[in-house]
Amino acid sequence: MLKNRFAVFVSGYGRGAIEIIRNYKSGIIIPQLELLLSSDPGSFSLNIAKENGISTDIVIREAFKTNNEFENQILSILQNHKIEFVFLAGWKYILTKTLLDAYNGKVVGIHPSLLPAFPGRNAIDQAINYGVKVTGITTHFVDLSLDGGKIIGQKSVGIDEDDNFNTLDSKIFKAGTKLQVETINSIFKSD
């Protein structure tokens, strides 16, 4: 029986995606990781995916006049690979109706805060500046709101007095690698 096929989207270096690839290749992630799609041709995660026999594709936003054209190109790639689910691992673009209508309830994002606290950009800086003692990481379904989709899972992380962006980012990333495995295995499971 064919496992559910999922894609991972990245826009930068791709450290979260690299962890997903490693966990997939070691058998910790069960669904079939079929595709790594990057908006950045220089993403290091593309190299790791290729080394591990995972298909890759690059779609650069600036190559398209409109967001609709950009997302239609992504949809074409997803359909060619028979992708059923998408996991956003550091994707910097806000998805719109074009993609979300086609993948309604089948796109999951990961965000470095305990949503609904600190949505949007710079969530770690927001947590530090606000002075909270606990933050964390959240996986959630992606909808048309900004980080407002239904929460799937969360892991909390304590903030120590001497934490700075780098130390807190490291703690949140570590918690996130566990949470993304749990989320992918529970949400993208075979029927």
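The values are calculated or read from the model by the stated rules, or taken from the named source; none is laboratory data. It should be emphasised that the depicted structure is a prediction, and the values quoted were computed from it without experimental measurement. Methodologically, a virtual Cβ is constructed for each residue, glycine included, from the backbone with ideal geometry; neighbour enumeration extends over all protein chains shown.
Cβ-Cβ distances below 6 Å connect the following pairs, each with a first residue in segment 3-16 that is part of a strand (DSSP E or B), a second residue that is surrounded by fewer than 18 Cβ atoms within 10 Å (Cβ to Cβ), and a separation of six or more residues or different chains: R5/K82.
Kindly list the number of the only condition in (1) modelled with pLDDT under 95; (2) assigned to a helix (DSSP H, G or I) that fails for D147. With (1) modelled with pLDDT under 95; (2) assigned to a helix (DSSP H, G or I) applied to D147, the lone miss is (2).
Would you mind telling me which numbered condition in (1) out of contact with any Phe, Trp or Tyr (no Cβ under 8 Å at 6 or more places or on another chain); (2) part of a strand (DSSP E or B) I110 fails? Condition not satisfied by I110: (1). Only a single criterion out of (1) small (G, A, S); (2) assigned to a loop (DSSP other than H, G, I, E, B); (3) surrounded by 14 or more Cβ atoms within 10 Å (Cβ to Cβ); (4) without any contact (Cβ under 8 Å) to a residue 40 or more places away in the chain is not satisfied by A49, namely (2). Of all the criteria given as (1) touching a residue at least 24 places away in the same chain (Cβ under 8 Å); (2) among the hydroxyl-bearing types (S, T, Y); (3) closer than 21 Å to I172 by Cβ, the one not satisfied by Y130 is (1).
Residues in segment 143-157: is at least one more than 24 Å from K106 (Cα to Cα) and without any contact (Cβ under 8 Å) to a residue 12 or more places away in the chain? Within segment 143-157, none of the residues are more than 24 Å from K106 (Cα to Cα) and without any contact (Cβ under 8 Å) to a residue 12 or more places away in the chain. Being surrounded by 15 or more Cβ atoms within 10 Å (Cβ to Cβ) and part of a helix (DSSP H, G or I) is not true of I83.
Suppose the filter is part of a strand (DSSP E or B) and at pLDDT 95 or above; does I74 pass it?
no
For segment 17-29, how many residues meet the condition of being polar (S, T, N, Q) and either closer than 15 Å to N47 by Cβ or in a loop (DSSP other than H, G, I, E, B) (or both)?
The qualifying residues number 1.
Being surrounded by fewer than 18 Cβ atoms within 10 Å (Cβ to Cβ), within 16 Å of Q79 (Cα to Cα) and without any contact (Cβ under 8 Å) to a residue 40 or more places away in the chain holds for only one residue in S55, S26, and it is S55. The number of residues in segment 6-22 that are among the charged types (D, E, K, R) and modelled with pLDDT under 95 comes to 0.
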